[in-house]
Structure formats: structure tokens, C-alpha cells
1. Are there any GluC sites (Glu not before Pro) in the stretch 1-99 that are in a DSSP loop and have at most 11 other Cβ atoms within 10 Å? List them by number.
2. Figure the gain on full extension for ARG133 and GLU34 (residue separation times 0.36 nm, minus the Cα-Cα span) and round it to one decimal in nm.
3. Points 7 angstrom from Cα along the Cβ direction at GLN118 and ALA104: gap in nanometres?
4. Using the count of nearby Cβ atoms within 10 Å as a rough guide to exposure, how do VAL14, VAL35 rank from fewest to most?
5. Give me the percent relative contact order of the chain, please, defined on Cα pairs under 8 angstrom at least 6 residues apart.
6. Go through the stretch 6-79 and name the trypsin sites (Lys or Arg not before Pro) that are in a DSSP coil and have 10 or fewer other Cβ atoms within 10 Å of their Cβ.
7. How big is the Rg/Rh ratio for the stretch 2-135, C-alpha atoms only, Rh by Kirkwood, two decimals?
8. Amide H to amide H, which residues 5 or more places from LEU121 or on other chains are under 5 Å from it, using H placed in the peptide plane?
Amino acid sequence: MKKAIVVYRSHSGVTRHYAEEIAAFLNERTVAAEVVSVGECKMESLATADFLLLGCWTSGLFVIGQHPDEPWLAFVREMPALTEPQPRVALFTTYKLRTGSQFARMRAALAGKTAAPQLELQSRSGRLSDTDRQALERYLA
């Protein structure tokens, strides 16, 4: 059975809920998905994952300067470089008005740590949409 780790940083609980919905979808697809916050994630577990989904709420001004918050960035800085076999990486975020530069900044923070992310999901409500489900199906294939 394939294994996924869904690591998140949430400010108000919306991103945590989105992470849980993503993991529930993966579990329905016979991928053993574990949900863990950046503060509780055991770094050694990352090397055993087939799929690594990293999420953070969108911090910054409402229309400019969006970025992941410092605890998420600190997690990525401490994260070991994941080498062969590398997990397939996906990013996700929740937002109020727009994501702006959020994904670009998340990708930049991950440079040299993981393979390039193959999926980016975003939600205003923290709910998994039909479009998200279709994208996750392609990601798992």
C-alpha cells in the first residue's frame, strides 16, 4: 500500500480541515494517509512517504505579498533533502481573497529539498472541491 504524509500549518483551523479532507480522499483511494502539523511531524517519516503534501495558510496582505508563515518556513528549513526514492510532492493552501505569490514562495523554500511539486491545490473554504478531487486522481496516477 502506498503511503502519504499530509503536513500542514494552520492559523484558524481552515488549513487543518483542508488537510484532513485531502487525507480522507487519499485513504478512500487506498493510500494510507497520515495528517500531521508542522510542529508534530517527525522528519524521519518523510523519507518513507510515496506522496508528500505540504500545506500552509496564505499569510500577508489581502491582495499583495502573500507568503507561507514563519513556522511553515522553519519546518522546510529543518526538513532533510529527500533523495531517492523521492516522494511525489504536492502543495496546498487556504486563503481569504487570493493566493498571489504563495505557491511561488513555497516552491522557492523547497528548492533542493524535494522534487518539484506536481500539484498545487487551493481552497477558500477548506473544503475539497470536485476539481481538487480530479487533480488528486491525476496526481496519484
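Where a number appears in this text, it was derived from the coordinates with a stated rule and is not lab data. Since the model is a prediction, treat every value here as computed from it, not as a measurement. As a convention, Cβ positions derive from the backbone with ideal geometry for all residues, glycine included, and neighbour counts pool all protein chains shown.
1. Details: sites: GLU20, GLU21, GLU28, GLU34, GLU40, GLU44, GLU78; in loops: GLU40.
Qualifying residues, ordered by number: GLU40.
2. Details: separation 99, 0.36 × 99 = 35.64 nm, distance 1.76 nm.
This chain segment gains 33.9 nm when fully extended.
3. 2.6 nm
4. Values: VAL14 18, VAL35 21.
Ordered by Cβ neighbours within 10 Å, fewest first: VAL14, VAL35.
5. 25 percent
6. On the way: sites: ARG9, ARG16, ARG29, LYS42, ARG77; in loops: ARG29, LYS42.
Listed in order of number, the matching sites are LYS42.
7. A ratio of 0.93.
8. Counting only residues 5 or more places away or on other chains, the set is LEU91, PHE92, THR93.
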